[in-house]
Number of protein chains: 2
Amino acid sequence: MAAWRRLVAVVELLPGVLDGQLRRDAQLTHFDYHVLAMLSEAPDRVLRMTDLAARTNATLPRLSHVVRRLEERGLVERAPCPSDGRATNARLTEAGWAKVRETAPGHVATVREHVVDALTPEQVTQLAGIADALLRRLDPDGRLTGALDRADRD
Amino acid sequence: MAAWRRLVAVVELLPGVLDGQLRRDAQLTHFDYHVLAMLSEAPDRVLRMTDLAARTNATLPRLSHVVRRLEERGLVERAPCPSDGRATNARLTEAGWAKVRETAPGHVATVREHVVDALTPEQVTQLAGIADALLRRLDPDGRLTGALDRADRD
DNA sequence: CCCAATCACTTGTACCTACAAGTGACGACC
DNA sequence: GGTCGTCACTTGTAGGTACAAGTGATTGGG
């Protein structure tokens, strides 16, 4: 009965914790980090703006502003797509790649501290199943988790 | 291993769903709704700004702005606290109380649709335990869940 | 071909949130 | 009983996000 209220409370608090850690340690929004992380995992570390927006659950205007700021900081570069003149490719620069590599450990540690370590191994397993079930409703196409891509490759 | 990534995805998506539904159906931010809901559950539907800020995980400046806007809409009233000249009491007006009563069902239905119905009864039970464990890290004083108050009363 | 519709993105404006500084009230100490 | 420090809030300013409009590029039909 009160399960969903607690979930809402978690959903309210957790972003603040993650965001705060990244802002302090890397001058990065959690969303910024997510953008850089998605790029870092893409082939050649390049993604079209539209793809990137889907993977980060962002609207295109929002992504455009964020990428512009990241570009001003030298972490990302934009170039017109050769195959489609309408599209823009966002590429992670060397500095951006370095930023991800130096930021990721601290971020993962924060998640571990506030989530994984708070749960028993059994609960972690349960959580995986629960989050999976929720994502099937919240994100049917698996845009955020990249399930669509993996399905394409397999 | 990928459990925390899925949790992060959920934490990223769920607020948008809840916020969107409330904005459409009630012209209310999820945070606005949370403020009204906390007031509606308080004795006499009155709470000091500081208490309200703790219960909604807000900074005092943020709450001040939000309450001012809610006051302009006639949903909340502010009055100086009789017992402490520094404090301000926020009170839910009759219109605000009506707003909560007409908004709550739709909001609960949304949560039910996107969370409860997506899970098996067993998973709901597991989720309660997991969220509880997480909140002990994220919110040790139980401000959001009101555990502190209940502990005081008991 | 050429024109309309669409697409991919950018820019501009308004709202919301975070941080910093300011105001008035209370408490404690001398 | 005056003064210093703290408390509870409010206000102002900067930064980020959402929605709406605009710019080129591409596709499809006549």
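The values are calculated or read from the model by the stated rules, or taken from the named source; none is laboratory data. Model, not experiment: these values are computed from the prediction. FYI the Cβ positions are ideal-geometry reconstructions off the backbone, even for glycines, and counts take in every protein chain you see. Ligands, DNA and RNA are excluded from the accessible area calculation, which covers all protein heavy atoms including side chains. Shrake-Rupley method; radii C 1.70, N 1.55, O 1.52, S 1.80 Å.
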TODO: In whole Hz, with x marking every Gly and Pro, tabulate ³J(HN,Hα) for the stretch B:43-54 from phi via Karplus 6.51 cos²θ - 1.76 cosθ + 1.60, θ = phi - 60°.
DONE: x, 6, 6, 10, 8, 6, 4, 4, 4, 4, 5, 5
Task: Relative contact order [Cα under 8 Å, 6+ residues apart], the stretch B:1-76, whole percent - done: 17 percent
Open item on the list: Rolling a 1.4 Å sphere over the protein heavy atoms, what is the accessible area per residue of the stretch B:53-92, to the nearest Å²?
Closed with: 58 Å²
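How long are the semi-axes of the equivalent ellipsoid of the stretch A:8-118, taking √(5λ) for every eigenvalue λ of the Cα gyration tensor, in whole Å from largest down?
27, 15, 12
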Task: For residues of B:53-59, the mean tally of beta carbons on other chains within 10 Å - done: 1
Open item on the list: I need the inter-copy label distances for residue B:122: point set 7 Å along Cα to C-beta, values in nm with one decimal, smallest first.
Closed with: 1.2
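For every helix of n ≥ 4 consecutive DSSP H residues, a contribution of -39,500 (n - 2.57) applies; sum these over the protein assembly as shown, divide by its total residues, and give [θ] at 222 nm rounded to the nearest 500 deg cm²/dmol.
So the helix-based figure for the protein assembly as shown works out to -21500 deg cm²/dmol.
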TODO: Please turn the phi angles of the stretch A:109-120 into ³J(HN,Hα) values with the Karplus equation 6.51 cos²θ - 1.76 cosθ + 1.60 (θ = phi - 60°), one per residue in order, whole Hz, x for glycine and proline.
DONE: 4, 4, 4, 4, 4, 8, 10, 4, 5, 7, 10, 6
Open item on the list: Give me the inter-chain shielding for A:14-21: mean count of other chain Cβ atoms within 10 Å, whole number please.
Closed with: 2
Task: Label point 7 Å beyond Cα along the C-beta direction, distances from residue B:141 to other copies (nm, shortest first) - done: 4.3
Task: Label point 7 Å beyond Cα along the C-beta direction, distances from residue A:64 to other copies (nm, shortest first) - done: 3.6
Open item on the list: As an exercise, take the mean of 1/r over every pair of distinct alpha carbons in the protein assembly as shown, invert it, and state the Kirkwood radius in angstroms.
Closed with: 21.3 Å
- [ ] State whether the stretch A:89-134 is rounded, prolate or oblate according to the following rule on the C-alpha gyration tensor (a ≥ b ≥ c being the square roots of its eigenvalues): a/c under 1.5 gives rounded; otherwise a/b larger than b/c gives prolate, and the remaining case gives oblate.
- [x] oblate
Task: Chain A, rotation onto B, residue closest to that axis via Cβ, with its distance in Å - done: A:126, 2
TODO: Set the Förster distance to 30 Å, then compute FRET efficiency between residue A:62 and residue B:64 from the Cβ-Cβ distance, nearest 0.05.
DONE: 0.65
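So for chain A, averaging the separation of alpha carbon pairs under 8 Å that are six or more residues apart and normalising by length, what relative contact order in percent results?
21 percent
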